[in-house]
Amino acid sequence: AQSVSQHNHHVILSEAASLELGCNYSYGGTVNLFWYVQYPGQHLQLLLKYFSGDPLVKGIKGFEAEFIKSKFSFNLRKPSVQWSDTAEYFCAVNKDTDKLIFGTGTRLQVFP
Amino acid sequence: NAGVTQTPKFQVLKTGQSMTLQCAQDMNHEYMSWYRQDPGMGLRLIHYSVGAGITDQGEVPNGYNVSRSTTEDFPLRLLSAAPSQTSVYFCASSYGASEGKQFFGPGTRLTVL
(Lines give C-alpha, C1' and ligand atoms only; values in the text may rest on other atoms or scores of the structure.)
Protein backbone atom coordinates (compact mmCIF):
# COMPACT_ATOMS: atom_id res chain seq x y z
CA ALA A 1 0.00 0.00 0.00
CA GLN A 2 1.12 3.52 -0.68
CA SER A 3 2.35 5.18 2.46
CA VAL A 4 4.50 7.71 4.24
CA SER A 5 7.19 6.33 6.55
CA GLN A 6 9.02 8.00 9.37
CA HIS A 7 11.49 5.52 10.76
CA ASN A 8 12.70 7.59 13.70
CA HIS A 9 9.95 7.28 16.28
CA HIS A 10 11.73 9.00 19.15
CA VAL A 11 14.85 11.14 18.96
CA ILE A 12 16.68 12.56 21.96
CA LEU A 13 19.28 15.28 21.49
CA SER A 14 21.20 17.82 23.50
CA GLU A 15 20.93 21.49 22.63
CA ALA A 16 23.19 22.55 19.73
CA ALA A 17 23.22 19.05 18.26
CA SER A 18 22.32 18.64 14.61
CA LEU A 19 19.02 17.06 13.64
CA GLU A 20 17.94 14.96 10.73
CA LEU A 21 14.53 13.26 10.65
CA GLY A 22 13.80 10.79 7.90
CA CYS A 23 10.71 10.70 5.71
CA ASN A 24 10.12 8.29 2.85
CA TYR A 25 7.06 7.89 0.70
CA SER A 26 5.96 5.21 -1.70
CA TYR A 27 3.93 7.21 -4.21
CA GLY A 28 5.19 7.43 -7.78
CA GLY A 29 5.08 10.49 -9.98
CA THR A 30 4.66 14.06 -8.87
CA VAL A 31 3.99 14.66 -5.19
CA ASN A 32 3.69 17.61 -2.85
CA LEU A 33 5.57 17.19 0.42
CA PHE A 34 5.13 18.80 3.81
CA TRP A 35 6.53 18.83 7.31
CA TYR A 36 4.25 19.75 10.19
CA VAL A 37 5.14 20.28 13.84
CA GLN A 38 3.03 19.79 16.95
CA TYR A 39 4.39 21.48 20.08
CA PRO A 40 3.24 20.06 23.43
CA GLY A 41 -0.40 20.91 24.03
CA GLN A 42 -0.81 22.62 20.68
CA HIS A 43 -2.22 21.61 17.33
CA LEU A 44 -0.30 21.07 14.13
CA GLN A 45 1.47 23.88 12.31
CA LEU A 46 3.10 23.88 8.89
CA LEU A 47 6.92 23.96 9.04
CA LEU A 48 7.68 23.86 5.33
CA LYS A 49 6.46 22.50 2.03
CA TYR A 50 7.81 21.42 -1.34
CA PHE A 51 5.84 21.63 -4.56
CA SER A 52 8.51 21.99 -7.26
CA GLY A 53 11.77 23.77 -8.06
CA ASP A 54 14.77 23.88 -5.74
CA PRO A 55 14.76 20.56 -3.87
CA LEU A 56 16.23 22.23 -0.78
CA VAL A 57 13.38 23.96 1.01
CA LYS A 58 13.78 26.35 3.90
CA GLY A 59 11.07 26.69 6.51
CA ILE A 60 10.43 28.51 9.72
CA LYS A 61 12.66 28.42 12.82
CA GLY A 62 15.79 27.40 10.92
CA PHE A 63 14.43 24.12 9.60
CA GLU A 64 15.07 22.90 6.09
CA ALA A 65 14.25 19.79 4.11
CA GLU A 66 15.72 18.19 1.03
CA PHE A 67 13.65 16.41 -1.58
CA ILE A 68 15.56 13.53 -3.20
CA LYS A 69 13.32 12.13 -5.91
CA SER A 70 15.46 9.07 -6.60
CA LYS A 71 15.26 8.04 -2.96
CA PHE A 72 11.60 9.02 -2.47
CA SER A 73 12.76 10.97 0.55
CA PHE A 74 12.08 14.35 2.14
CA ASN A 75 14.28 14.52 5.24
CA LEU A 76 14.01 17.36 7.71
CA ARG A 77 17.17 18.98 9.05
CA LYS A 78 18.29 21.62 11.48
CA PRO A 79 21.98 22.38 12.13
CA SER A 80 21.60 23.24 15.81
CA VAL A 81 18.51 22.36 17.82
CA GLN A 82 17.14 24.26 20.78
CA TRP A 83 15.15 23.12 23.79
CA SER A 84 12.14 24.89 22.26
CA ASP A 85 12.26 22.47 19.31
CA THR A 86 10.93 19.72 21.55
CA ALA A 87 7.81 18.60 19.68
CA GLU A 88 6.38 15.93 17.46
CA TYR A 89 7.18 16.21 13.77
CA PHE A 90 5.03 14.83 10.97
CA CYS A 91 5.85 14.35 7.33
CA ALA A 92 2.90 14.48 4.92
CA VAL A 93 2.38 13.78 1.23
CA ASN A 94 -0.24 14.85 -1.26
CA LYS A 95 -0.46 13.28 -4.69
CA ASP A 96 -2.98 14.01 -7.40
CA THR A 97 -6.02 13.62 -5.21
CA ASP A 98 -7.08 15.89 -2.46
CA LYS A 99 -5.90 13.53 0.26
CA LEU A 100 -3.10 14.63 2.54
CA ILE A 101 -1.51 11.56 4.10
CA PHE A 102 0.63 11.84 7.23
CA GLY A 103 3.46 9.71 8.52
CA THR A 104 3.40 8.25 12.01
CA GLY A 105 5.40 11.11 13.47
CA THR A 106 8.74 11.51 15.25
CA ARG A 107 8.90 12.70 18.80
CA LEU A 108 11.90 14.94 19.39
CA GLN A 109 13.15 15.68 22.88
CA VAL A 110 15.89 18.28 23.30
CA PHE A 111 17.67 18.54 26.62
CA PRO A 112 19.46 21.70 27.74
CA ASN B 1 -11.39 35.15 12.19
CA ALA B 2 -11.92 32.30 14.61
CA GLY B 3 -10.11 29.88 12.29
CA VAL B 4 -11.09 26.24 12.77
CA THR B 5 -13.24 25.52 15.79
CA GLN B 6 -14.16 22.14 17.22
CA THR B 7 -16.65 21.14 19.85
CA PRO B 8 -16.64 19.54 22.30
CA LYS B 9 -13.06 19.56 23.59
CA PHE B 10 -13.58 16.44 25.68
CA GLN B 11 -16.18 13.71 25.52
CA VAL B 12 -16.72 10.39 27.25
CA LEU B 13 -19.10 7.90 25.66
CA LYS B 14 -20.29 4.43 26.46
CA THR B 15 -19.97 1.69 23.89
CA GLY B 16 -22.86 1.85 21.45
CA GLN B 17 -23.70 5.50 22.00
CA SER B 18 -23.76 7.90 19.09
CA MET B 19 -22.52 11.44 18.88
CA THR B 20 -21.45 14.17 16.49
CA LEU B 21 -18.18 16.03 16.63
CA GLN B 22 -18.61 19.53 15.31
CA CYS B 23 -16.14 21.39 13.10
CA ALA B 24 -16.53 24.84 11.64
CA GLN B 25 -14.26 27.26 9.79
CA ASP B 26 -14.75 30.87 8.82
CA MET B 27 -12.02 31.19 6.20
CA ASN B 28 -14.13 30.14 3.22
CA HIS B 29 -11.95 27.08 2.71
CA GLU B 30 -13.17 24.51 0.23
CA TYR B 31 -11.19 21.60 1.64
CA MET B 32 -11.96 20.15 5.04
CA SER B 33 -10.87 16.91 6.61
CA TRP B 34 -11.02 14.83 9.77
CA TYR B 35 -8.07 13.02 11.28
CA ARG B 36 -7.62 10.86 14.31
CA GLN B 37 -4.36 10.91 16.22
CA ASP B 38 -3.25 7.85 18.15
CA PRO B 39 0.09 7.23 19.89
CA GLY B 40 2.62 5.72 17.52
CA MET B 41 0.27 5.95 14.56
CA GLY B 42 0.42 9.61 13.69
CA LEU B 43 -2.54 11.24 12.03
CA ARG B 44 -4.83 9.09 9.97
CA LEU B 45 -7.31 10.58 7.56
CA ILE B 46 -10.90 9.56 8.28
CA HIS B 47 -12.97 11.52 5.75
CA TYR B 48 -12.48 14.62 3.69
CA SER B 49 -14.46 17.05 1.60
CA VAL B 50 -13.41 19.17 -1.35
CA GLY B 51 -16.48 21.37 -1.17
CA ALA B 52 -20.10 21.61 -0.07
CA GLY B 53 -22.00 18.49 -1.02
CA ILE B 54 -18.85 16.45 -1.74
CA THR B 55 -17.27 14.01 0.68
CA ASP B 56 -14.93 11.07 0.31
CA GLN B 57 -13.31 8.41 2.44
CA GLY B 58 -9.82 8.59 3.82
CA GLU B 59 -7.63 5.85 5.28
CA VAL B 60 -9.84 4.81 8.21
CA PRO B 61 -13.48 5.67 7.43
CA ASN B 62 -15.22 2.70 9.06
CA GLY B 63 -17.52 3.64 11.91
CA TYR B 64 -17.69 7.30 10.91
CA ASN B 65 -20.03 9.34 8.73
CA VAL B 66 -19.68 12.87 7.46
CA SER B 67 -21.72 15.40 5.53
CA ARG B 68 -20.95 18.81 4.08
CA SER B 69 -24.11 20.82 3.62
CA THR B 70 -22.33 24.16 3.88
CA THR B 71 -18.81 25.40 3.18
CA GLU B 72 -18.34 26.29 6.85
CA ASP B 73 -19.35 23.08 8.63
CA PHE B 74 -18.08 19.52 8.47
CA PRO B 75 -19.49 17.37 11.30
CA LEU B 76 -18.19 13.89 12.05
CA ARG B 77 -20.70 11.33 13.28
CA LEU B 78 -20.01 8.22 15.29
CA LEU B 79 -23.05 6.03 14.84
CA SER B 80 -22.24 3.37 17.45
CA ALA B 81 -19.13 4.20 19.44
CA ALA B 82 -16.55 1.51 20.12
CA PRO B 83 -13.52 1.55 22.47
CA SER B 84 -11.29 1.44 19.36
CA GLN B 85 -12.53 4.93 18.55
CA THR B 86 -10.93 6.36 21.66
CA SER B 87 -8.62 8.96 20.19
CA VAL B 88 -7.95 12.64 19.65
CA TYR B 89 -9.81 13.96 16.63
CA PHE B 90 -8.60 16.89 14.60
CA CYS B 91 -10.48 18.81 11.96
CA ALA B 92 -8.51 20.74 9.35
CA SER B 93 -9.25 23.06 6.46
CA SER B 94 -7.45 24.70 3.58
CA TYR B 95 -8.13 26.12 0.15
CA GLY B 96 -7.13 22.71 -1.20
CA ALA B 97 -5.21 19.67 0.06
CA SER B 98 -2.34 20.50 -2.25
CA GLU B 99 -2.37 24.12 -1.18
CA GLY B 100 -0.22 23.04 1.70
CA LYS B 101 -1.12 25.08 4.70
CA GLN B 102 -3.78 23.14 6.49
CA PHE B 103 -5.32 24.96 9.44
CA PHE B 104 -6.00 22.59 12.29
CA GLY B 105 -8.59 22.87 15.00
CA PRO B 106 -7.71 22.39 18.68
CA GLY B 107 -8.91 18.79 18.73
CA THR B 108 -11.53 16.73 20.53
CA ARG B 109 -10.37 14.10 23.01
CA LEU B 110 -12.84 11.24 22.90
CA THR B 111 -12.92 8.31 25.31
CA VAL B 112 -15.21 5.36 24.69
CA LEU B 113 -15.73 3.09 27.68
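The values are calculated or read from the model by the stated rules, or taken from the named source; none is laboratory data. Here the structure is a predicted model, which means the values were calculated and not measured. Cβ: placed from backbone, ideal geometry, glycine included. Neighbour counts: every protein chain shown. Side chains included, ligands, DNA and RNA excluded: accessible areas come from the protein's heavy atoms. Shrake-Rupley method; radii C 1.70, N 1.55, O 1.52, S 1.80 Å.
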Subset of the range A:49-71 (residues that are open to solvent by 70 Å² or more (accessible area, probe 1.4 Å), away from chain B (no Cβ under 13 Å) and free of Cβ contacts under 8 Å to residues at least 24 places away in the same chain): A:Asp54, A:Lys58, A:Lys69, A:Ser70
Before we move on, is B:Gln6 part of a strand (DSSP E or B) and open to solvent by less than 60 Å² (accessible area, probe 1.4 Å)? yes
Reported set for the range B:8-65 where residues are closer than 17 Å to A:Ser3 by Cβ and of a type in the set (Gly, Ala, Ser) is B:Gly40, B:Gly42, B:Gly58
Here's a check for you: in the range A:55-71, which residue that is touching a Leu at 6+ places or on another chain (Cβ under 9 Å) and outside any strand (DSSP E or B) is modelled with the highest pLDDT? A:Phe63
Restrict the check to the range A:72-89 and report whether at least one residue is modelled with pLDDT under 95 and either at positive phi or over 11 Å from the mean Cα position of the chain (by Cα) (or both). yes
When residues of the range A:1-48 are filtered for being open to solvent by less than 20 Å² (accessible area, probe 1.4 Å) and in a strand (DSSP E or B), how many remain? 11
Is one or more of the residues making up the range B:93-101 within 13 Å of chain A (Cβ to nearest Cβ), charged (D, E, K, R) and surrounded by fewer than 18 Cβ atoms within 10 Å (Cβ to Cβ)? yes
Within the group B:Tyr35, B:Tyr48, B:Tyr89, which residue is assigned to a strand (DSSP E or B), open to solvent by 10 Å² or more (accessible area, probe 1.4 Å) and touching a residue at least 12 places away in the same chain (Cβ under 8 Å)? B:Tyr48
Residue check for A:Gly29: within 30 Å of B:Gly51 (Cα to Cα) and either out of contact with any helix residue (DSSP H, G or I) (no Cβ under 9 Å at 6 or more places or on another chain) or away from chain B (no Cβ under 13 Å) (or both): yes
Filter the range A:72-86 for residues that are assigned to a strand (DSSP E or B) and under 16 Å from A:Gln109 (Cα atoms); which is most open to solvent (accessible area, probe 1.4 Å)? A:Arg77
With the checklist (1) open to solvent by 70 Å² or more (accessible area, probe 1.4 Å); (2) within 14 Å of another protein chain (Cβ to nearest Cβ); (3) part of a strand (DSSP E or B); (4) touching a residue at least 24 places away in the same chain (Cβ under 8 Å) in hand, flag the one item A:Tyr89 doesn't pass. (1)
Pick out the one residue from B:Leu13, B:Leu78, B:Leu21 that is more than 11 Å from chain A (Cβ to nearest Cβ), open to solvent by less than 60 Å² (accessible area, probe 1.4 Å), in contact with a helix residue (DSSP H, G or I) (Cβ under 8 Å, 6 or more places away or on another chain) and not basic (Lys, Arg). B:Leu78
